[in-house]
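Notes to accompany the following structure.
Any read-out appearing in this document is the output of simple, stated calculations on the displayed coordinates, not a laboratory observation. Small disclaimer: the values here were computed from a predicted structure and weren't measured. Note that each Cβ is placed from the backbone with ideal geometry, even for glycine, and that neighbours are counted across all protein chains shown.
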Ligand SMILES: Cc1ncc(COP(=O)(O)O)c(C=O)c1O
């Protein structure tokens, strides 16, 4: 393994652990030495059905044997079915497929500006975004990511983003104006440290967007597809956004993103306005449809809620507090030891990550069972003890 790593030609833009994973089954991962790990990261909240789920494997295999790609000049049956599955779960509307969360947010920003422009509001260009947010690494989605450290050396970024403090309703009131095209928020800030947004704040944002003619974008890239114990993170607040962006769990490991748009704004993008070659191809769309069907059939949203409660109470004694909902949890250790705990956890056969210096993120597959939750909690306990 060390030899393989030393010979690698991969750009060093990630801090990688010296582990080569070879295969996965359910909630388990196996490295090149055959060591077994409980995967409580799921590829960063991606592999919602776990690894090698037979329904997903079959869907991909069958579709690969039939048709891989044709371009967006045409329709395919999986593309239609996947869009319908998303629309069914969001109450109608329209879907644009892309290949990642960043692209879904790029599309949402472009849609919001184009809607304003079509309505003659050419100065309605601003995007209000929250401090600590994460919306992606492309220039537009990076500009909307209010984490200045991630901007360093990449300027100039696209203009027009208005940052406000998380949960600051007063700032929302002064920043959402006739110049605002959209407000974008994550129901729980994921990369920002598993920080839930206040219900009052989201309700105020919904109201202000209606009053002032702006579009409300829910970035559900990390929180969507059942992860928080409801289908969508925004359901915890009882609001309905105008645009929802998806990726990660949408394909359960197959790279796919999507932007859902309420019917009233669907006319914003017309033929030629926006696109991407690979977006919504039959292979990934066959996977998307299977992910929806499997989550429904196996009642995985309910499982995410129940297992989330169990996991949160099992790990609570290990740190100062637990943030998050369902199976998107952050264990706050209160000290900058998260990175050391992650390393110790790997030694104990548990995959988690340090979302910041003092917080461990846990985001297991939605199929996780009680015994696996209990075992992961006991491995994490051993890891924390090894570091303390
Ligand atoms: C909330 C949120 N939005 C957008 C993104 C970007 O997604 P991607 O890495 O697929 O571009 C992420 C990734 O972590 C995310 O958590």
- Query: Arranged by the count of other C-beta atoms within 10 angstrom, fewest first, what order do 252, 264, 133 take?
  - Reply: 264, 133, 252
- Item | Anisotropy class of the stretch 112-219 from Cα gyration tensor, a/c 1.5 cut | oblate
- Task: Determine the percent antiparallel among the DSSP beta bridges restricted to the chain, to the nearest 5.
- Result: 65 percent
- Message: Going by average Cβ density within 10 Å per residue, which order do the peptides 153-164, 277-288, 20-31, 91-102 take, highest to lowest?
- Response: 277-288, 91-102, 20-31, 153-164
- Task: May I ask for the equivalent-ellipsoid semi-axes of the chain, computed as the square root of five times each C-alpha gyration tensor eigenvalue and listed largest first in whole Å?
- Result: 33, 26, 20
- the stretch 174-216: relative contact order as a whole-number percent, Cα under 8 Å and 6+ apart: 53 percent
- Item | Relative contact order of the chain, defined on C-alpha pairs under 8 angstrom at six or more residues apart (%) | 22 percent
- With each run of n ≥ 4 DSSP H residues scored as -39500 (n - 2.57), what mean residue ellipticity at 222 nm is computed for the chain after dividing by its residue count and rounding to the nearest 500 deg cm²/dmol? -11000 deg cm²/dmol
- Item | Anisotropy class of the stretch 58-138 from Cα gyration tensor, a/c 1.5 cut | prolate
- Note on the structure: Per 5 angstrom bin, beginning at 0 and ending with the bin that holds the maximum distance, the Cα pairs of the stretch 1-102 fall in percents of 2, 9, 13, 15, 18, 16, 12, 9, 5, 1, 0
- Output the peptides 233-243, 170-180 sorted from most to least packed, where packing is the average of other Cβ atoms within 10 Å over each peptide's residues. 233-243, 170-180
- Task: Before anything else, pin down the relative contact order of the stretch 16-131: Cα pairs under 8 Å, at least 6 apart, normalised by residue count, whole percent.
- Result: 11 percent
- Prolate/oblate/rounded label for the stretch 163-287 (Cα gyration tensor, a/c 1.5): oblate
